[in-house]
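Have a look at the structure below before the remarks.
The values are calculated or read from the model by the stated rules, or taken from the named source; none is laboratory data. Note that the coordinates shown come from a computational prediction; the quantities given were computed from them, not determined experimentally. All Cβ positions, glycine included, derive from the backbone under ideal geometry; neighbour counts span all protein chains shown. Side chains included, ligands, DNA and RNA excluded: accessible areas come from the protein's heavy atoms. Shrake-Rupley method; radii C 1.70, N 1.55, O 1.52, S 1.80 Å.
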Amino acid sequence: MTGHYPNTRMRRTRASNWSRALHRESQLQPTDLIWPLFVTEGSGVEEPIGTLPGVSRWSVDGIAARAKEAAELGIPVVALFPNTPPEKRNDDGAEAHNPDNLMCRAIKAIKDACGDDVGVLTDVALDPYTSHGQDGLLDEHGYVTNDDTVAVLVDQAINQAEAGADIIAPSDMMDGRIHAIRMALEMGNHPNVQIMSYAAKYASAFYGPFRDAVGSGGLLKGDKKSYQMDPANSDEALREVELDIAEGADSVMVKPGLAYLDIIYRVKKAFGIPVFAYQVSGEYAMIEAAEAAGIGDRDALLMEKLTAFKRAGCSGVLTYHAPVAARILNG
Ligand SMILES: NCC(=O)CCC(=O)O
Ligand SMILES: [Mg+2]
């Protein structure tokens, strides 16, 4: 039972800087951040992404430089997404398991440049490699098949692990893929490669700028509602998470971030496992747009939102603002 005024004055502990610092319940640190990076072909290339102001695609050499920057800022992990050239995209996304694809070259360049100082998280899904922009293989009706897709995702994940990936992050939302990938990693002599499952990924309107960044936006026909979750659902997210833990996920992700804080909170309470939020491209773009429109201070907005993820129970956050936030935190 809390006391009564005036014995209890809630404002007492808020009255000074030192006291606010002492009583702060959640503290964001650079080590809470995962920095998503977009890879493109060429060398010495930086391509700014129009819908993500401040974010660029980098060629492999630039990606290695960004990873070094991450290490200097205290950011422990970078996440990689390739912008596959159109001529290498086809119906079955076969480029995803080409050992010399953009992703594998970027993984190797980072591991050569940074070794153990930076972890490399790699996305598993076919959308950056398919000519139709869906995350899996289509049947004759245009439906994204489950089991045939999982077989390709396993090849994609092993391909990334062979190149040196530290964390495999399947974002496809097929059923059973965590088990299949975990078994393949065990059999393929990669027992310590982690899996961070996009366990509760919602069919969201906040992904638009990302699709521009990986070049799949113009290609995508229809939507992803037959595999990504309905934003109205919450109990279903707990079932998704429970299955992925049972199948061998080391950590889980909830995506998007801010509109799904209740899901993060429930997952953490129910399972006590490491939970990560993906603050997605649309969320990033909205903060930048608020700053550009003069209706909010970018740094204050982003630090408040990132802190909210910690408060809700996250171990960390994937955010395009990672380097900006780390610089703020490092003073
Ligand atoms: N598989 C990764 C994503 O879909 C990212 C979406 C976004 O940042 O909007
Ligand atoms: Mg699932």
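Could you check, for segment 67-89, whether at least one of its residues is closer than 24 Å to residue 158 by Cα and free of Cβ contacts under 8 Å to residues at least 12 places away in the same chain? Yes, that holds for at least one residue. Return yes or no: is residue 36 modelled with pLDDT of 95 or more, within 16 Å of ligand 1 (Cβ to nearest atom) and not in a loop (DSSP other than H, G, I, E, B)? Yes, satisfied. Number of residues in segment 17-63 that are touching a residue at least 24 places away in the same chain (Cβ under 8 Å), in contact with a helix residue (DSSP H, G or I) (Cβ under 6 Å, 6 or more places away or on another chain) and not polar (S, T, N, Q) equals 12. Under the condition of being over 19 Å from residue 56 (Cα atoms) and basic (Lys, Arg), which residue from segment 298-323 is most open to solvent (accessible area, probe 1.4 Å)? Restricting to residues being over 19 Å from residue 56 (Cα atoms) and basic (Lys, Arg), the top hit is 311.
For (1) among the polar types (S, T, N, Q); (2) touching a Pro at 6+ places or on another chain (Cβ under 9 Å), each residue gets a yes or a no:
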position: 10; (1), (2): no, no
position: 31; (1), (2): yes, yes
position: 36; (1), (2): no, no
position: 43; (1), (2): yes, no
position: 76; (1), (2): no, yes
position: 88; (1), (2): no, no
position: 105; (1), (2): no, no
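Going by what's in this entry, would residue 102 be described as out of contact with any Phe, Trp or Tyr (no Cβ under 7 Å at 6 or more places or on another chain) and open to solvent by less than 40 Å² (accessible area, probe 1.4 Å)? For residue 102, the condition - out of contact with any Phe, Trp or Tyr (no Cβ under 7 Å at 6 or more places or on another chain) and open to solvent by less than 40 Å² (accessible area, probe 1.4 Å) - is met. For residue 261, are the conditions met, namely being among the hydrophobic types (A, V, I, L, M, F, W, C), open to solvent by 20 Å² or more (accessible area, probe 1.4 Å), away from ligand 2 (no atom under 16 Å from the Cβ) and touching a helix residue (DSSP H, G or I) at 6+ places or on another chain (Cβ under 7 Å)? So residue 261 passes the test. Considering (1) under 22 Å from residue 78 (Cβ atoms); (2) out of contact with any strand residue (DSSP E or B) (no Cβ under 9 Å at 6 or more places or on another chain), the lone condition that residue 318 does not fulfil carries the number (2).
Restricting attention to segment 212-239, the residues that are part of a helix (DSSP H, G or I) and either under 28 Å from residue 164 (Cα atoms) or of a type in the set (Val, Ile, Thr) (or both) total 2. From the list 134, 156, 160, the lone residue that is in contact with a His (Cβ under 6 Å, 6 or more places away or on another chain), at pLDDT 95 or above and more than 16 Å from ligand 2 (Cβ to nearest atom) is 156. Check whether at least one residue in segment 311-320 is assigned to a helix (DSSP H, G or I) and either farther than 21 Å from residue 122 by Cα or more than 16 Å from ligand 1 (Cβ to nearest atom) (or both), and report yes or no. Checking segment 311-320: at least one residue is assigned to a helix (DSSP H, G or I) and either farther than 21 Å from residue 122 by Cα or more than 16 Å from ligand 1 (Cβ to nearest atom) (or both). Candidates 313, 296, 272: the one that is small (Gly, Ala, Ser), under 18 Å from residue 29 (Cβ atoms) and at pLDDT 95 or above is 313. Of the strands (runs of 3 or more DSSP E) lying entirely inside segment 112-211, the ones with 1 or more residues being among the polar types (S, T, N, Q) and open to solvent by 30 Å² or more (accessible area, probe 1.4 Å) are found at 194-201. Of the listed requirements (1) away from ligand 2 (no atom under 16 Å from the Cβ); (2) at pLDDT 95 or above; (3) in contact with a helix residue (DSSP H, G or I) (Cβ under 8 Å, 6 or more places away or on another chain), residue 179 misses just one: (1). Each residue in segment 69-95 was checked for being over 30 Å from residue 324 (Cα atoms) and among the aliphatic types (A, V, I, L, M), and 1 pass. For segment 177-216, taking the residues that are more than 11 Å from ligand 1 (Cβ to nearest atom) and β-branched (Val, Ile, Thr), the one that is nearest to the chain's Cα centre (by Cα) is identified as 195. Within segment 212-230, being surrounded by 14 or more Cβ atoms within 10 Å (Cβ to Cβ) and closer than 30 Å to residue 273 by Cβ holds for 213, 214, 224, 226, 227, 228, 229. When residue 294 is tested against (1) buried (at least 16 other Cβ atoms within 10 Å of the Cβ); (2) assigned to a loop (DSSP other than H, G, I, E, B), just one condition goes unmet, and that condition is (1).
The condition of being away from ligand 2 (no atom under 16 Å from the Cβ), hydrophobic (A, V, I, L, M, F, W, C), outside any helix (DSSP H, G or I) and under 20 Å from the mean Cα position of the chain (by Cα) holds for only one of 277, 308, that being 277.
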